[in-house]
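Q: If you scroll down you'll find the structure; I have some questions about it.
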Amino acid sequence: MVQVAVAQFAPGQDKAENRRSVAELTARAAAGGARVVLFPEYTMFTAPRTDHRYVEAAEPLDGPFLADAADTARREGVYLVLGVNESGGEGATRFTNTLVALSPEGERIALYRKIHLYDAFGVKESDVVAPGPVEAPETFTVDDVVFGLQTCYDLRFPEVTRRIADAGAHVVLLAAQWVPGPLKEDHWRTLARARAIENTVYVAAAGQAAPTGAGNSMVVDPMGTALAALGEQAFEVASARVSAARVEAVRVTNPALSLRRFGVTSQGED
């Protein structure tokens, strides 16, 4: 079994302060026994609106924010997963919304660049964010548990999670800035549970706290039960144990994946 923690806080525009928050919450999670610690989308930098400030604050993957996060992962001996604004290079007018997994040695072991951009509920993320490519999902393994990566608005597209499950993931690590709005908290909880149930996987979901996010971070098991959950707490972690054996046991009881009649492919795939 592997203990997974979801960290919930409200990142701001001060990247140094966000780094300190990552270090403190990671230490807290590690002290509680967590080996994998998941942070929200846009952990590196969050402004009240998704605009040019995100482009200006973006860094390359070898920039100072992830270098500091790698130091934290090494110091605490954990797998650390967090969302960053990845620079498109000099002169770029858009950045990439990227989720990065770091090993306990501080090495990058998996990436996910958000595919579906949040052009909904009065927000137009695509003005400054470039969509990630549709490619084979990247995973990493801790003991015998396989972890996949996903970001925020992609939760509303069930085929995204299905492809991650088809790639062998037992746990989907979902980082989000789930913007508050009409019934949004209910959508968040319902969709996270649905993705877990229909794919018979764990969903560990870390969301930003208010005012930038709707909170409600959680770890959901393959039968849809919330093993650990946070409400509106502004600076907190919650953790639960996950196992490949539990996934396989649920798939015996609920063999939905093996009984399905349709698969999911992206354009260009056979």
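The values are calculated or read from the model by the stated rules, or taken from the named source; none is laboratory data. Quick caveat: nothing in here was measured; it's all calculated off a predicted structure. Cβ: placed from backbone, ideal geometry, glycine included. Neighbour counts: every protein chain shown. Just the protein is used for accessible areas: all its heavy atoms, side chains included, with ligands, DNA and RNA removed. Shrake-Rupley method; radii C 1.70, N 1.55, O 1.52, S 1.80 Å.
Q: How much area per residue is accessible in the stretch 12-150 when the probe is 1.4 Å and only protein heavy atoms are counted (Å²)?
A: Accessible surface, normalised per residue, equals 41 Å².
Q: Also, I was wondering about something else. Relative contact order, percent, of the chain when contacts are C-alpha pairs under 8 Å separated by at least 6 residues?
A: Rounded, it is 20 percent for the chain.
Q: How many percent of DSSP beta bridges within the chain run antiparallel, rounded to 5?
A: 60
Q: So, for the stretch 159-270, what is the accessible surface per residue at a probe of 1.4 Å, expressed in square angstrom?
A: 45
Q: What's the FRET efficiency of LEU259 with ALA167 using the Cβ-Cβ distance as r and R₀ = 22 Å, to the nearest 0.05?
A: Calculated value: 0.70.
Q: Here is a further query. Read through the labelled values (i) 13.4; (ii) 14.5; (iii) 18.0 and report the label of the one computed as mean projected area of the Cα convex hull in nm² from the structure.
A: Only one listed value fits the structure, namely (i).
Q: Could I ask something else about it? Taking the highest mean first, how do the peptides 114-127, 93-106, 170-183, 219-232 order by number of other beta carbon atoms within 10 angstrom per residue?
A: Answer by packing, highest mean first, reads 170-183, 93-106, 219-232, 114-127.
Q: Of the peptides 52-61, 207-216, how do they stack up when ordered by the mean number of other Cβ atoms within 10 Å, highest first?
A: Order by mean packing, descending: 207-216, 52-61.
Q: Further, regarding this structure: Distance between the C-alpha centers of the stretch 116-154 and the stretch 40-66? Whole Å please.
A: 15
Q: A further question on this structure: Which of the aspartates and glutamates could be linked to LYS184 by a straight reach, that is with a Cα gap under 19 Å, when you skip same-chain ones fewer than 8 residues away?
A: GLU41, ASP119, GLU125, ASP154, GLU232
Q: Only four residue types carry charge here, +1 at the Cβ of Lys and Arg and -1 at the Cβ of Asp and Glu. Report the dipole size of the stretch 23-129 about the Cα centre in Debye, rounded to the nearest 20.
A: Computed charge dipole of the stretch 23-129: roughly 320 debye.
Q: Follow-up question, since we're still on this one. Calculate what fraction, in whole %, of the accessible area of the chain sits on carbon and sulfur atoms when a 1.4 Å probe is rolled over the protein chains.
A: In the chain, the share of accessible area belonging to carbon and sulfur is 50 percent.
Q: Once the dipole of the stretch 167-270 is set up with Lys and Arg at +1 and Asp and Glu at -1 on Cβ about the Cα centre, which of GLY215, HIS170, LEU230 lies farthest towards its positive end?
A: HIS170
Q: Shifting gears a bit: Mind checking which lysines have their Cα closer than 22 Å to the Cα of LYS15? Skip sequence neighbours fewer than 8 apart in that chain.
A: Hits, sequence-local ones excluded: LYS114.
Q: Turning to a different aspect of this structure: For the stretch 160-249, give the share of DSSP beta bridges that are antiparallel, in percent and rounded to the nearest 5; count only bridges with both residues there.
A: Expressed as a percentage, antiparallel bridges in the stretch 160-249 total about 50.
Q: Here is a further query. What residue among ALA69, ALA136, ALA192 shows peak mean-square fluctuation when the chain is described by a Gaussian network model with Cα springs under 10 Å?
A: Between ALA69, ALA136, ALA192, it is ALA136 that shows the largest mean-square fluctuation.
Q: Run the dipole for the stretch 177-270 about the Cα centre, Lys and Arg Cβ at +1, Asp and Glu Cβ at -1, nothing else charged, and hand back the magnitude in debye, nearest 20.
A: 240
Q: Sticking with this structure for a sec: For the chain, with the dipole built from +1 on Lys and Arg beta-carbon atoms and -1 on Asp and Glu ones, taken about the Cα centre, which of SER126, ALA69, TYR153 lies farthest toward the positive end?
A: Of the listed residues, the answer is TYR153.
Q: Only helical DSSP H runs with n ≥ 4 go in: add -39500 (n - 2.57) per run for the chain, normalise by residue count and round the 222 nm mean residue ellipticity to 500 deg cm²/dmol.
A: After summing the helix terms and dividing by residue count, I get -8500 deg cm²/dmol.
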